[in-house]
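One structure is given below, encoded as structure tokens.
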């Protein structure tokens, strides 16, 4: 049980308790979708504070969770009372606790020893259980079904926005609960912007198309990127794709338990530099995927302190190159880290897609 695992980790830490308000972490621990609630976990107890909207759902968690309900002001007072009884440091997630919430706690419970526990929270959901990996794989399956659908809808004159609506409708009618993020569908020179927002740009023959797609299923996300050459495409972009694909394969070979995510990012940048691309790769190499589409571990030059890869991590690998005025290429899959290396959770091969027109 997830709560028991957290309590074991809590006993092994210097913390006396955890204070949780982030809806994603609340859902991870309780299984409930709570837009506004609080949870206090100690090594031997779990107190869930909800208002009247969630009482019936919360009652199902008894007796494992002690349920405190009432108006919003009553639940805040009850939260303060329990926090005030705890001796020792209480860890909170500074990334998902607002300054206002923090100040209110200090005023209501001046005796509480509230400390940032970012590392504890960053690691909380990082290692995925088999059932979580199964949910991510299902999200990957629905995602790639949508990719196959839109590839069949490509025609001169169709716009990025029209394709965006097509794929969203397909996903939602084929089992997705939501999109993981707004789809990135970029035609031609628009693909030089890594996080392009779909526009009314119409597709032309002899264009590059960048598709960065993801869906959410049962609370878990997927993330993939593919490049399409729709007809004849500039030789520079073809060469860029070759370099990106070799980088992608090289990172796959090196991504194993015990390897630092930062070192994989360094390898990717150094390899692309040897190919003549010292610049042109403006984003991180990848990131964790789970209940959020971007979560630890980060494969980034800005996160040298990220812990080594371990079995159960789910990550993306997504090197890219971008040429202003021409276009950009990126290749991405979602992988699970296993004993011998990484395994893609997608079925469609990560490779260039060429369509003759």
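Here are a few things to note about the model shown:
- Scope segment 244-261; condition surrounded by 21 or more Cβ atoms within 10 Å (Cβ to Cβ) and either more than 20 Å from the chain's Cα centre (by Cα) or not in a loop (DSSP other than H, G, I, E, B) (or both); matching residues: 244, 247, 248, 251, 261
- All of (1) outside the structural domain of residue 217 (by TED's automatic domain parsing); (2) touching a residue at least 40 places away in the same chain (Cβ under 8 Å) hold for residue 136 with one exception: (1).
- Total residues in segment 105-120, condition over 22 Å from residue 10 (Cα atoms) and touching a helix residue (DSSP H, G or I) at 6+ places or on another chain (Cβ under 7 Å): 1
- Residue ranges of helices (runs of 4 or more DSSP H) in segment 1-66 with at least 3 members surrounded by 14 or more Cβ atoms within 10 Å (Cβ to Cβ): 2-11, 23-30
- Scanning segment 124-160 for residues that are out of contact with any strand residue (DSSP E or B) (no Cβ under 7 Å at 6 or more places or on another chain), closer than 25 Å to residue 305 by Cβ and in a helix (DSSP H, G or I) yields one hit, 124.
- Those residues of segment 191-208 which are touching a helix residue (DSSP H, G or I) at 6+ places or on another chain (Cβ under 7 Å) and surrounded by 17 or more Cβ atoms within 10 Å (Cβ to Cβ), in sequence order: 196, 198, 201, 207, 208
- Residue count for segment 77-101 under the criterion of being more than 18 Å from residue 41 (Cβ to Cβ) and surrounded by 13 or more Cβ atoms within 10 Å (Cβ to Cβ): the result is 1.
- Between 232, 265, the distinction of being farther than 30 Å from residue 149 by Cβ and outside any strand (DSSP E or B) belongs to 265 only.
- Number of the condition not met by residue 333 [criteria: (1) closer than 21 Å to residue 207 by Cβ; (2) assigned to a strand (DSSP E or B)]: (1)
- Residue match in segment 200-208 (condition: over 26 Å from residue 276 (Cα atoms) and assigned to a strand (DSSP E or B)): yes
- Among the residues of this structure, residue 56 does not count as one that is touching a strand residue (DSSP E or B) at 6+ places or on another chain (Cβ under 8 Å) and under 25 Å from residue 1 (Cβ atoms).
- Residues (more than 15 Å from residue 24 (Cβ to Cβ) and assigned to a loop (DSSP other than H, G, I, E, B)) located in segment 84-93: 85, 86, 87, 88
- Qualifying residue in segment 80-95 (condition: on the phi < 0 side of the Ramachandran plot and free of Cβ contacts under 8 Å to residues at least 12 places away in the same chain): yes
- Residue check, residue 241 assigned to a helix (DSSP H, G or I), farther than 24 Å from residue 177 by Cα and either out of contact with any strand residue (DSSP E or B) (no Cβ under 9 Å at 6 or more places or on another chain) or at pLDDT 95 or above (or both): yes
- Identity of the residue in segment 275-311, part of a strand (DSSP E or B) and within 29 Å of residue 187 (Cβ to Cβ), that ends up farthest from the chain's Cα centre (by Cα): 299
- Pairs, first in the same structural domain as residue 187 (by TED's automatic domain parsing) and in contact (Cβ under 8 Å) with a residue 60 or more places away in the chain in segment 149-167, second surrounded by 15 or more Cβ atoms within 10 Å (Cβ to Cβ) and part of a loop (DSSP other than H, G, I, E, B), C-beta under 7 Å, six or more apart: 154/203; 156/203
- Any hit, segment 312-320, residues being over 18 Å from the mean Cα position of the chain (by Cα), surrounded by 15 or more Cβ atoms within 10 Å (Cβ to Cβ), modelled with pLDDT of 95 or more and closer than 27 Å to residue 125 by Cα: no
- Any hit, segment 315-324, residues being closer than 18 Å to residue 249 by Cβ and without any contact (Cβ under 8 Å) to a residue 60 or more places away in the chain: no
- Boolean, residue 69 is assigned by TED's automatic domain parsing to the domain that holds residue 20 and more than 30 Å from residue 345 (Cβ to Cβ): yes
The values are calculated or read from the model by the stated rules, or taken from the named source; none is laboratory data. All values reported here derive from a predicted model rather than from experimental measurement. Reconstructed Cβ throughout: ideal geometry from the backbone, glycine too, with neighbour counts over all protein chains shown.
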